[in-house]
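Engineer: The structure's right below; bear with me while I get my questions together.
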Amino acid sequence: MSFNGKYELQHQENFEPFMRALGLPEDEIQKGKDLKSVSEIVQDGKKFTVTVTTGSKVVKNQFTIGEESEIEMLNGEKVKVVVQMEGNNKLVTQVKGMKSVTELNGDTITYTMTMGDLTLKRVSKRI
């Protein structure tokens with residue numbers, strides 16, 4: 001299954017408490033909570049380029065399945081991760097005590113980040 005495409009955020013759950021737990025300043029959380037974000041995913045075999053545009057902020061990450069890569073997190077911090085593929089529609093990684101799962105079902109991508117008992121869920125549709 002190919003992840004290629006552009007996806008627009010439809011709704012999210014627990015954005016504010018999750019961003020607070022990540023240490024984002026309150027003004028950034030308030031600015032970001034209502035912004036629509038668009039993710040563009042380009043998949044070439046095991047290589048991925050993910051560009052997320054939220055308002056005027058653009059974050060571009062590149063990684064290869066099973067290899068260590070450096071990515072920029074939602075709070076701007078750069079971290080080393082190894083992204084694994086589960087089945088043919090799920091990208092999974094562990095980063096700084098958080099589990100990140102990106103799951104593609106048809107035209108919908110569900111992005112779930114779990115840290116302790118706090119879960120951020122974002123649902124985006126292909127545009």
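The values are calculated or read from the model by the stated rules, or taken from the named source; none is laboratory data. Note that the coordinates shown come from a computational prediction; the quantities given were computed from them, not determined experimentally. Cβ coordinates were reconstructed from backbone atoms using ideal geometry, including for glycine residues, and neighbour counts include every protein chain displayed. When the accessible area is computed, the model is the full protein with side chains, heavy atoms only, and any ligands, DNA or RNA have been set aside. Shrake-Rupley method; radii C 1.70, N 1.55, O 1.52, S 1.80 Å.
Engineer: Of these, Lys121, Lys125, which one is in a strand (DSSP E or B), at pLDDT 95 or above, in contact with a His (Cβ under 9 Å, 6 or more places away or on another chain) and open to solvent by 40 Å² or more (accessible area, probe 1.4 Å)?
Structural biologist: Numbers: Lys125 fails: in contact with a His (Cβ under 9 Å, 6 or more places away or on another chain).
Result: Lys121 is the single residue among Lys121, Lys125 that is in a strand (DSSP E or B), at pLDDT 95 or above, in contact with a His (Cβ under 9 Å, 6 or more places away or on another chain) and open to solvent by 40 Å² or more (accessible area, probe 1.4 Å).
Engineer: Out of the range 93-106, which residues are without any contact (Cβ under 8 Å) to a residue 40 or more places away in the chain and either more than 18 Å from Asn14 (Cβ to Cβ) or open to solvent by 60 Å² or more (accessible area, probe 1.4 Å) (or both)?
Structural biologist: If the condition is that a residue be without any contact (Cβ under 8 Å) to a residue 40 or more places away in the chain and either more than 18 Å from Asn14 (Cβ to Cβ) or open to solvent by 60 Å² or more (accessible area, probe 1.4 Å) (or both), then Thr93, Gln94, Lys96, Gly97, Lys99, Asn105, Gly106 are the ones that fit.
Engineer: Just name the residue that is least open to solvent (accessible area, probe 1.4 Å) out of those in the range 54-82 that are closer than 25 Å to Lys36 by Cβ and not in a strand (DSSP E or B).
Structural biologist: By that ranking, first place goes to Met73.
Engineer: Report, by residue number, each residue of the range 43-53 that is under 14 Å from the mean Cα position of the chain (by Cα) and open to solvent by 40 Å² or more (accessible area, probe 1.4 Å). Write out each step before concluding.
Structural biologist: Pass one, the range 43-53, residues under 14 Å from the mean Cα position of the chain (by Cα): 48-53.
Scanning the range 43-53 gives Val52, Thr53.
Engineer: Using the structure shown, decide if Phe48 is assigned to a helix (DSSP H, G or I) and of a type in the set (A, V, I, L, M, F, W, C).
Structural biologist: Details: assigned to a helix (DSSP H, G or I): no; of a type in the set (A, V, I, L, M, F, W, C): yes.
When the stated conditions are applied, Phe48 does not pass them.
Engineer: Write out, first by first residue and then by second, each pair whose Cβ atoms fall under 8 Å of each other, whose residues are 6+ apart or on separate chains, and whose first residue, in the range 19-42, is under 15 Å from Leu74 (Cβ atoms) and outside any strand (DSSP E or B) while the second is open to solvent by less than 70 Å² (accessible area, probe 1.4 Å) and among the hydroxyl-bearing types (Ser, Thr, Tyr).
Structural biologist: Note: pairs meeting the criteria are Gly32/Thr54; Leu35/Thr54.
Engineer: Given the condition surrounded by 13 or more Cβ atoms within 10 Å (Cβ to Cβ), modelled with pLDDT of 95 or more and under 20 Å from Arg126 (Cα atoms), answer yes or no: does some residue in the range 23-37 qualify? Can you show your working first?
Structural biologist: Quick first cut of the range 23-37, residues surrounded by 13 or more Cβ atoms within 10 Å (Cβ to Cβ) only: 24, 28-29, 31-32, 37.
Next, only the ones that are modelled with pLDDT of 95 or more stay: none.
No, the range 23-37 contains no residue that is surrounded by 13 or more Cβ atoms within 10 Å (Cβ to Cβ), modelled with pLDDT of 95 or more and under 20 Å from Arg126 (Cα atoms).
Engineer: List, please: which pairs have Cβ atoms under 6 Å, are six or more places apart or on different chains, and start with a residue in the range 76-92 that is without any contact (Cβ under 8 Å) to a residue 12 or more places away in the chain and end with one that is hydrophobic (A, V, I, L, M, F, W, C) and surrounded by 13 or more Cβ atoms within 10 Å (Cβ to Cβ)?
Structural biologist: Glu86/Val92; Val92/Val101
Engineer: Is there a residue in the range 30-50 that is β-branched (Val, Ile, Thr) and out of contact with any strand residue (DSSP E or B) (no Cβ under 7 Å at 6 or more places or on another chain)?
Structural biologist: No, because not a single residue in the range 30-50 is β-branched (Val, Ile, Thr) and out of contact with any strand residue (DSSP E or B) (no Cβ under 7 Å at 6 or more places or on another chain).
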